[in-house]
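The values are calculated or read from the model by the stated rules, or taken from the named source; none is laboratory data. Quick caveat, the model's predicted, so the values are computed rather than measured. Cβ placement follows ideal geometry from the backbone for every residue including glycine, while neighbour counts extend to all protein chains displayed.
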Amino acid sequence: EAGVVQSPRYKIIEKKQPVAFWCNPISGHNTLYWYLQNLGQGPELLIRYENEEAVDDSQLPKDRFSAERLKGVDSTLKIQPAELGDSAVYLCASSLGGEQYFGPGTRLTVT
Amino acid sequence: EDQVTQSPEALRLQEGESSSLNCSYTVSGLRGLFWYRQDPGKGPEFLFTLYSAGEEKEKERLKATLTKKESFLHITAPKPEDSATYLCAAPLSGGYQKVTFGTGTKLQVIP
C-alpha cells in the first residue's frame, strides 16, 4: 500500500515569492493534517481536515497561508508571500482517527 | 495548557547499552499516547499507541509503557540502526484526531 506522498521534496525560493506544496494521503484516510517542523522541534499543527472540511485551522497564519482539500483526497498548502521565517519542513499526515502516517515532508528554504 | 515534555533531549549509547526515554505530559483527561520514530530527512514513523495506564507494547528492542503521568520508551541492547529521534504525542481533549508532539529525544547508538 502506498504511503503519504508529498511533492516537492525540496524547494528554495526568494522571500516574497509564492510557494505551494502538494499531498496525497493514504487511500481511505479521511483525516489529513499539515504540520510545520523546525529543526530540533516536534511537528506543529497548521491545519486538519476531516474529509473536505477544515475543522482545525487555528494555528494557520491566514494572512499568508492557505490550504484546500478538494474532493476530500489530495491537498495543497500555499504560502504567499513567503518570509524568511517560513523556512522549515512541511509535513503532511493522514489517519483514520488514530495514529497518523506521515509523508517525507517538503524542506522549504526562503532566501 | 496541555503540554508534552521529553527527556533527555539527546542520548548517546554504546551498542548493547540499554536505557529509557521519558515522555511526561500535562493533558487533562489523557486518553492515550503515541510514539514515533523519525530518521533524518524523513517524516515520523508510527511505532506504538498506548491507550491506558499500565499498558505495555513491544516491538523488537523497543518497549513502551504508560502511567497516569508519563510514558517510557525502553530500548534494550540497542543497535546503531536504532539511532533516530523518538517523538511522543498525546491526544488533546476531543479525541485522537488532534495531538500535541513533544520535541523529541535524539538517540545515537555507537558501534
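Tabulated data
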read-out: Residue in the range B:85-102 that is surrounded by the fewest Cβ atoms within 10 Å (Cβ to Cβ), counting only those that are facing chain A (nearest Cβ under 9 Å) and among the small types (Gly, Ala, Ser); value: B:95
read-out: Residues (in contact with a Leu (Cβ under 8 Å, 6 or more places away or on another chain) and at the interface with chain B (Cβ under 7 Å from one of its Cβ atoms)) located in the range A:94-106; value: A:102, A:103, A:105
read-out: Residues of the range A:1-24 that turn out to be modelled with pLDDT of 95 or more, of a type in the set (D, E, K, R) and farther than 15 Å from residue A:36 by Cα, as a count; value: 3
read-out: Among the candidates A:64, A:107, residue that is in contact with a Gly (Cβ under 9 Å, 6 or more places away or on another chain), at pLDDT 95 or above and of a type in the set (Lys, Arg); value: A:107
read-out: Any strands (runs of 3 or more DSSP E) falling wholly within chain A and containing at least 1 residues that are in contact with a His (Cβ under 8 Å, 6 or more places away or on another chain); value: A:88-95
read-out: The lone exception for residue B:58 - which of (1) more than 14 Å from chain A (Cβ to nearest Cβ); (2) out of contact with any strand residue (DSSP E or B) (no Cβ under 6 Å at 6 or more places or on another chain); (3) touching a residue at least 12 places away in the same chain (Cβ under 8 Å) it fails; value: (3)
read-out: From A:52, A:44, residue being in contact with a helix residue (DSSP H, G or I) (Cβ under 8 Å, 6 or more places away or on another chain) and surrounded by fewer than 21 Cβ atoms within 10 Å (Cβ to Cβ); value: A:52
read-out: Out of A:54, A:82, A:93, A:88, sole residue that is among the aliphatic types (A, V, I, L, M), touching a strand residue (DSSP E or B) at 6+ places or on another chain (Cβ under 8 Å) and free of Cβ contacts under 8 Å to residues at least 40 places away in the same chain; value: A:54
read-out: Residue pairs meeting the criteria (Cβ under 7 Å; at least 6 apart or on separate chains; first at positive phi, in the range A:13-26; second at pLDDT 95 or above and in a loop (DSSP other than H, G, I, E, B)); value: A:16/A:81; A:16/A:82
read-out: Odd one out for residue B:30, checked against (1) within 14 Å of another protein chain (Cβ to nearest Cβ); (2) surrounded by 15 or more Cβ atoms within 10 Å (Cβ to Cβ); value: (1)
